[in-house]
Amino acid sequence: EDKVVQSPLSLVVHEGDTVTLNCSYEVTNFRSLLWYKQEKKAPTFLFMLTSSGIEKKSGRLSSILDKKELFSILNITATQTGDSAVYLCAVVQGGSEKLVFGKGTKLTVNP
Amino acid sequence: DGGITQSPKYLFRKEGQNVTLSCEQNLNHDAMYWYRQDPGQGLRLIYYSQIVNDFQKGDIAEGYSVSREKKESFPLTVTSAQKNPTAFYLCASNPTFRDRDQPQHFGDGTRLSIL
C-alpha cells in the first residue's frame, strides 16, 4: 500500500527557533515530492523535489530529498509566528499522476 | 486574477439529500482534482479529470459523482450514498496531466456539514 508518513505530527516552538519536519514515503512509481503550507484554507505550494541531494531554498525555508532512503526534510530557520500552519508532504505517483499525501505536521510558533 | 474558485465556502446537507460543490478555474488548466480532508488527516483523492468529458475515480470515490463538461468547471456531487460527508473539500488543478514541472494549485475549499 502506498503511504507517506510525516513526523512529528505536532510541534510547538518559540520564535527564532529552527525546525526540521520529516517526510518518509513508500510509493510505487515515484515521480516527485511536494511540500505545501496550509493555514486556514487552501494549501499553498512551497517546493517540488525530483532529484536527490539538491537543496531547494526560499528565504528561511529549505528542503532536500533522499531517493535512496525515501525521505525528505523541510527546514525552517529563525521561525516567526507567521510560520504557524500545517505543513503537508505529498508524493506524485507517475502513471496515475495522483498525489499521495501525508497527514501533515502542525507547527505552532509562539512569540 | 487567475485562480481556482470554490463555492460555497460552507454547506449544510440534510439526511438523504444530494449536494453539489462548485469548482471553477480560469487558469486554462487541463487537469482538475477533488480531495477530501478530515481533521488530522491528509488529503484523499476523490475524483480527477485529465481532459474535458473524461474523469477517473480516485481512492475514495464511493458516494460521490463528478462531471467535466467544460474545461473551466469540475463540480462534485455528494450523494445520499455518502454516509459520512462531513469534511473539508478541496479542488485543485494543474496545466497538463503529465507536466512534471507544475504542481497542483488549490482552491480555498468548501466545508460541508450534516444538519
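Within 14 Å, Cβ to Cβ, of B:Gly40, how many net charges do the neighbouring residues add up to if Lys/Arg are +1 and Asp/Glu are -1?
+3
Can you tell me the length gained on complete extension of the stretch A:Thr108 to A:Leu9, counting 0.36 nm per residue apart and subtracting the Cα distance? Before the final figure, lay out the partial values.
Working: separation 99, 0.36 × 99 = 35.64 nm, distance 1.13 nm.
My answer for the length gained is 34.5 nm.
Summing +1 for each Lys or Arg and -1 for each Asp or Glu, what net charge is found among the other residues whose Cβ lies under 13 Å from the Cβ of A:Ser58?
Numbers: positive: A:Lys37, A:Lys56, A:Lys57, A:Arg60; negative: A:Glu55, A:Asp83.
With Lys, Arg at +1 and Asp, Glu at -1, the net is +2.
For the stretch B:29-44, just list the computed ³J(HN,Hα) in residue order, Karplus coefficients 6.51, -1.76 and 1.60, θ = phi - 60°, integers in Hz, with x standing in for Gly and Pro.
7, 7, 9, 9, 9, 10, 10, 10, 10, 9, x, x, 10, x, 7, 10
Near A:Lys68, which aspartates and glutamates are there with a Cα under 17 Å away, not counting those fewer than 8 places off in the same chain?
Answer for A:Lys68, where 17 Å is the Cα cut-off: A:Asp2, A:Glu26, A:Glu55, listed by chain and number.
At 20 °C and 1.002 mPa s, grab the translational diffusion coefficient of the protein assembly as shown from Stokes-Einstein with a Kirkwood Rh over Cα pairs, rounded to a whole number in µm² per second.
It comes out at roughly 119 µm²/s.
How many angstrom separate the Cα center of the stretch B:63-97 from the Cα center of the stretch A:84-111?
20 Å
For the cross-link pairs A:Lys3/A:Lys56; A:Lys41/B:Lys14; A:Lys41/A:Lys106; A:Lys37/B:Lys57, which exceed 18 Å when the distance is taken from alpha carbon to alpha carbon?
Distance filter (> 18 Å) returns A:Lys3/A:Lys56; A:Lys41/B:Lys14; A:Lys37/B:Lys57.
Give me the log10 of I(q) over I(0) for chain B at q = 0.11, 0.12, 0.20, 0.23 Å⁻¹, as the Debye formula computes it from C-alpha points; what are the numbers?
The computed values of log10 I(q)/I(0) come out as -0.32, -0.38, -1.05, -1.36.
So if I average 1/r over every pair of distinct C-alpha atoms in the stretch A:1-86 and take the inverse, what Kirkwood radius in Å does that give?
Evaluated on the stretch A:1-86, it is 13.7 Å.
Every number in this text was worked out from the coordinates using simple rules, so none of it is lab data. Just so we're clear, the structure is a prediction, and the values are computed from it rather than from any experiment. All Cβ positions, even for glycine, are placed from backbone atoms using ideal geometry, and neighbour counts span all protein chains on display.
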